[in-house]
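Below is one structure; the comments refer to it alone.
The values are calculated or read from the model by the stated rules, or taken from the named source; none is laboratory data. All of these numbers come straight from a predicted model, not from anything done at the bench. FYI the Cβ positions are ideal-geometry reconstructions off the backbone, even for glycines, and counts take in every protein chain you see. For accessibility, only protein heavy atoms count, side chains too; no ligands or nucleic acids. Shrake-Rupley method; radii C 1.70, N 1.55, O 1.52, S 1.80 Å.
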Amino acid sequence: MKKLSRFFVTVSVLSVTAMLSCGSDDGDDGSTSDPDVTLSTAFEAFDTDNVTIMLDGDEVVIETNGLPNHTSPYWSQNHPLYVAPTVTTTAQMAPGNIDQFNGSYTLRVPANPERASSSSRTGLGAIGIAVSGSVIYNDEEGPNVPLDNAAPSLDYSGAHTGPQSYHYHLEPKAWSNDDDKLIGIISDGFFLYGRRDYPSGEYPTDLDESGGHFGPTQANPDGEYHYHIQNELYLNLYYILFPGNYQGTPNAIN
């Protein structure tokens with residue numbers, strides 16, 4: 001396996017591509033990288049303290065400790081990243097603190113994902129991994145239970161705890177607020193970006209039912225299929241991260 005370490009983040013995109021696609025044994029487990037497969041530079045946005053990215057043949061392995069790299073009222077009050085609640089209140093917050101969870105997750109996706117012949121519904125639990133290190137959930141709070149009643153428990157970054165992790169449902173304002181920044185990767189291998197398009201900075205008008213389209217991204221100016229947070233208000237206040245179906249083939253996040 002080829003591993004994207006903290007060292008690689010400091011070198012050029014060209015060097016990262018060369019190191020990860022050299023096609024030789026890595027000497028650890030005997031796996032061999034395909035010289036035609038490269039690791040998307042979008043992965044450089046992922047927090048290297050919380051997330052490890054590896055290229056294994058024609059697949060990307062994303063491992064995370066499940067912890068966010070930003071402040072939240074869901075940290076224990078003695079934690080350096082704790083902040084008092086603002087958009088929620090202590091009484092409305094979900095039970096449990098971030099640092100009480102052991103939320104390690106692994107996702108394996110194709111390095112070059114393709115759209116499936118038909119879309120498929122998301123399920124409960126993690127459907128993606130955010131650049132912060134925490135996981136992404138859909139727009140449900142339980143089986144066929146919309147997020148409506150749980151929305152007041154979400155912090156300023158659209159996240160809360162339970163049942164197994166701190167996770168995002170809404171636009172994560174800790175690092176993305178009405179912009180084109182990378183949010184994370186969905187379990188079908190396609191990246192999720194903010195509400196605005198790159199490089200225009202405008203709201204995309206050609207999104208499919210999943211909030212996806214083909215077009216340039218910061219990591220691929222030539223264009224690739226990717227998702228956006230859909231610019232549609234939910235409960236007149238929020239923007240849900242991913243209310244649609246997978247357009248690719250979802251992979252397990254364990």
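Quick rundown of the values:
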{"quantity": "Candidates Thr217, Thr161, filtered to the one that is modelled with pLDDT of 95 or more and out of contact with any strand residue (DSSP E or B) (no Cβ under 7 Å at 6 or more places or on another chain)", "calculated": "Thr161"}
{"quantity": "Residue in the stretch 55-65 that is touching a residue at least 24 places away in the same chain (Cβ under 8 Å), closer than 27 Å to Leu235 by Cβ and assigned to a loop (DSSP other than H, G, I, E, B) present", "calculated": "no"}
{"quantity": "Failed item, numbered, when Ser132 is tested on (1) of a type outside the set (Val, Ile, Thr); (2) closer than 16 Å to Leu154 by Cβ; (3) over 18 Å from the mean Cα position of the chain (by Cα)", "calculated": "(3)"}
{"quantity": "Top-ranked residue in the stretch 53-64 [being more than 20 Å from Asn220 (Cα to Cα) and within 13 Å of the chain's Cα centre (by Cα); ranked as surrounded by the most Cβ atoms within 10 Å (Cβ to Cβ)]", "calculated": "Thr64"}
{"quantity": "Qualifying residue in the stretch 109-121 (condition: out of contact with any strand residue (DSSP E or B) (no Cβ under 6 Å at 6 or more places or on another chain), modelled with pLDDT under 95 and either open to solvent by 40 Å² or more (accessible area, probe 1.4 Å) or assigned to a loop (DSSP other than H, G, I, E, B) (or both))", "calculated": "no"}
{"quantity": "Filter result for Arg115 (basic (Lys, Arg), touching a residue at least 40 places away in the same chain (Cβ under 8 Å) and over 22 Å from Tyr166 (Cα atoms))", "calculated": "yes"}
{"quantity": "Sole residue being modelled with pLDDT under 95 and open to solvent by less than 10 Å² (accessible area, probe 1.4 Å), chosen from Leu147, Leu124", "calculated": "Leu147"}
{"quantity": "Failed criterion for Asp155 (all others in (1) surrounded by 22 or more Cβ atoms within 10 Å (Cβ to Cβ); (2) under 13 Å from the mean Cα position of the chain (by Cα) hold)", "calculated": "(2)"}
{"quantity": "Hits in the stretch 225-254 - residues which are among the hydrophobic types (A, V, I, L, M, F, W, C) and touching a strand residue (DSSP E or B) at 6+ places or on another chain (Cβ under 8 Å)", "calculated": "Ile229, Ile240, Leu241, Phe242, Ala252, Ile253"}
{"quantity": "Residue tally, condition part of a strand (DSSP E or B) and without any contact (Cβ under 8 Å) to a residue 24 or more places away in the chain, over the stretch 66-94", "calculated": "1"}
{"quantity": "Unique residue being in contact with a strand residue (DSSP E or B) (Cβ under 9 Å, 6 or more places away or on another chain), in a loop (DSSP other than H, G, I, E, B) and farther than 27 Å from Tyr225 by Cα when the list is Asp197, Asp188, Asp155", "calculated": "Asp155"}
{"quantity": "Restricting the stretch 176-193 to residues that are open to solvent by less than 10 Å² (accessible area, probe 1.4 Å) and either among the charged types (D, E, K, R) or more than 11 Å from the chain's Cα centre (by Cα) (or both), the residue that is nearest to Pro243 (Cα to Cα)", "calculated": "Asp188"}
{"quantity": "Flag if Pro199 is open to solvent by 50 Å² or more (accessible area, probe 1.4 Å) and either among the small types (Gly, Ala, Ser) or in contact with a Pro (Cβ under 7 Å, 6 or more places away or on another chain) (or both)", "calculated": "yes"}
{"quantity": "Residue, nearest to Glu202 (Cα to Cα), within the stretch 158-175, restricted to residues that are in contact with a His (Cβ under 8 Å, 6 or more places away or on another chain) and open to solvent by 10 Å² or more (accessible area, probe 1.4 Å)", "calculated": "Trp175"}
{"quantity": "Criterion violated by Asn236 - all others in (1) more than 18 Å from Glu140 (Cβ to Cβ); (2) at pLDDT 95 or above satisfied", "calculated": "(2)"}
